[in-house]
């Protein structure tokens with residue numbers, strides 16, 4: 001089997017003609033559902049990317065290719081999102097973590113792993129580490145959500161407040177052209193066949209509504225995580241993006257934005273200080289949703305550094 005091939009325990013059901021087919025990668029059947037997965041590179045520890053809400057695994061293709069030069073790199077879509085089969089959202093963090101572990105085992109990707117969560121993926125990565133600490137070799141935190149978010153953020157940016165910010169159907173229709181333009185710009189460096197396929201799929205109702213649905217129970221996810229242990233004592237690097245986002249500026253007061261940046265910086269600092277080999281790297285030239293597109297060099301370097309530390 002080549003590094004980019006996809007194994008399956010059973011033949012996957014045919015792709016529905018009404019749903020987009022992935023331009024690369026394939027499917028692993030888990031509990032009768034297809035989970036999209038694409039792997040590249042070889043060696044270990046394997047690096048696994050956990051997308052944010054409204055993101056999909058192939059958004060991280062550029063950094064995956066960089067990481068594949070020195071170890072196995074895996075991107076995937078959670079059940080109910082992206083190219084994976086639909087299912088009701090949102091889900092518990094435990095359900096997402098169990099699905100990911102089963103996927104990696106079915107793909108014969110040996111543990112332990114370096115988990116690389118972005119945004120919402122941070123809550124799922126932390127739950128994975130709580131449930132399967134022996135399977136986690138290290139973490140690279142990409143401006144990710146934290147279970148103690150509300151302890152560091154102003155009330156206007158609490159998890160409950162963020163849940164209420166999701167657009168309704170009418171707002172979504174008005175935003176659609178701008179979102180399509182943004183995705184075209186973000187994906188500019190992707191191979192053309194992959195870029196256009198992603199732009200079209202991201203504009204679909206199914207993908208858009210999945211991204212919104214995953215944001216509807218953030219406070220409950222944080223509560224679920226607070227009932228479990230802290231992160232295991234493994235190498236952790238947190239990339240904290242504190243650049244200025246014009247769209248966020250238009251919707252949020254200057255004072256609240258300042259408090260959010262300060263809170264996020266302190267939150268990530270607390271995260272890395274809780275482990276023996278933790279490090280925070282602050283990036284002032286990018287923002288939350290652009291991190292992997294603007295600074296793939298910083299992301300790949302952080303992953304390489306954590307991988308190297310796990311090998312010591």
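By counting other Cβ atoms within 10 Å of each Cβ, how are 149, 141 ranked from fewest to most? Could the numbers behind the result be given before it?
On the way: 149 20, 141 28.
Taking fewest neighbouring Cβ atoms as first place, the list is 149, 141.
Using a simple spin-label model with points 7 Å from Cα along the Cα→Cβ vector, what separation in nm is obtained for residue 110 and residue 180?
The two pseudo-label positions are separated by 4.8 nm.
Using the basic label-point model (7 angstrom from Cα toward the beta carbon), what is the residue 42 to residue 102 distance in nanometres?
3.1 nm
Which of the peptides 84-96, 265-277, 28-40 is most tightly packed, and how do the rest follow, going by the mean number of other Cβ atoms within 10 Å of each residue?
28-40, 84-96, 265-277
Over its Cα atoms, what ratio of radius of gyration to 2.2 N^0.38 Å does the range 26-310 give?
The range 26-310 yields a ratio of 0.93.
Just want the ordering: 181, 217, from fewest to most Cβ atoms lying within 10 Å of their own Cβ.
Result, fewest neighbours first: 181, 217.
Most exposed first by the Cβ proxy, i.e. fewest other Cβ within 10 Å, how do 27, 128 rank?
27, 128
Could you check the simple spin-label distance between residue 173 and residue 223, using points 7 Å along Cα→Cβ, in nm with one decimal?
Using points 7 Å along Cα→Cβ, the separation is 3.5 nm.
Where a number appears in this text, it was derived from the coordinates with a stated rule and is not lab data. In this text the structure is predicted, and so the values were computed from the model without any measurement. A quick note on method: Cβ atoms are made from the backbone with ideal geometry, for glycine too, and the neighbour counts reach across all protein chains shown.
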